Amino acid sequence: MDSTMDALIKHAYATPAVRANLVNSGMISLYCDYSGSEQHVHAVACTFVFNRTLRVQAKRLEYDHVLGSDYGELQAIYFSLEWLARALTEEQLHPMPKSAVVWTDCHAIERLLTKASFADARYAVVRDAIHAILERLRAEHPDVEILIKHMHRHKTNNALHRMAHNAARKCIGK
């Protein structure tokens, strides 16, 4: 683990509002983020937090067009939900969480998830994939409440979100 990650973990434990998510054994918190560059290189990342453990994963996205940060944030949410699906079905989570919250810094997330149509159909494809995985997760794990929330003030000095942010940037060489 590098010194930046160590510092962020210490900061997370030192911040009461963030620490509450780290030590919560009833809730999974997934902090997701997107990073892109002018060279049409894109990545998403997620910090997975549950019962005093945290893990960070990043993935480079394979498309060479610019669709904006909202599209990238939708991709980051989908990436996080895929990870949640694997964790709920393949891992021995103990105790089983009562809820899972995907945290995003995309201020327009509610509008994007409920919007009827988009100028670019690729947005609708990702939005529909998010709804499909949510529906599947809720059917397979009815005892786990799954939410997608905008971070609002929760983002300020949030080391867990910063870990995902840094991982996405690192994945594309920033």
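The values are calculated or read from the model by the stated rules, or taken from the named source; none is laboratory data. Just so you know, these numbers come straight off a predicted model, no measurement behind them. Don't worry about glycine lacking a Cβ; one is built from the backbone with ideal geometry, like all the others, and counts go over all protein chains shown. For accessibility, only protein heavy atoms count, side chains too; no ligands or nucleic acids. Shrake-Rupley method; radii C 1.70, N 1.55, O 1.52, S 1.80 Å.
Some observations on this one:
- When region 27-36 is filtered for residues that are open to solvent by less than 20 Å² (accessible area, probe 1.4 Å) and of a type outside the set (D, E, K, R), the ones remaining, listed by number, are ILE28, SER29, LEU30, TYR31, CYS32, SER35.
- Of the residues in region 108-115, at least one is hydrophobic (A, V, I, L, M, F, W, C), over 21 Å from PHE50 (Cα atoms), in contact (Cβ under 8 Å) with a residue 40 or more places away in the chain and open to solvent by less than 80 Å² (accessible area, probe 1.4 Å).
- Test: residue in region 60-68 that is out of contact with any Asp or Glu (no Cβ under 6 Å at 6 or more places or on another chain), open to solvent by 10 Å² or more (accessible area, probe 1.4 Å) and hydroxyl-bearing (Ser, Thr, Tyr): yes
- Filtering region 96-107 to residues that are exposed (fewer than 14 other Cβ atoms within 10 Å of the Cβ) and of a type in the set (A, V, I, L, M, F, W, C) leaves only MET96.
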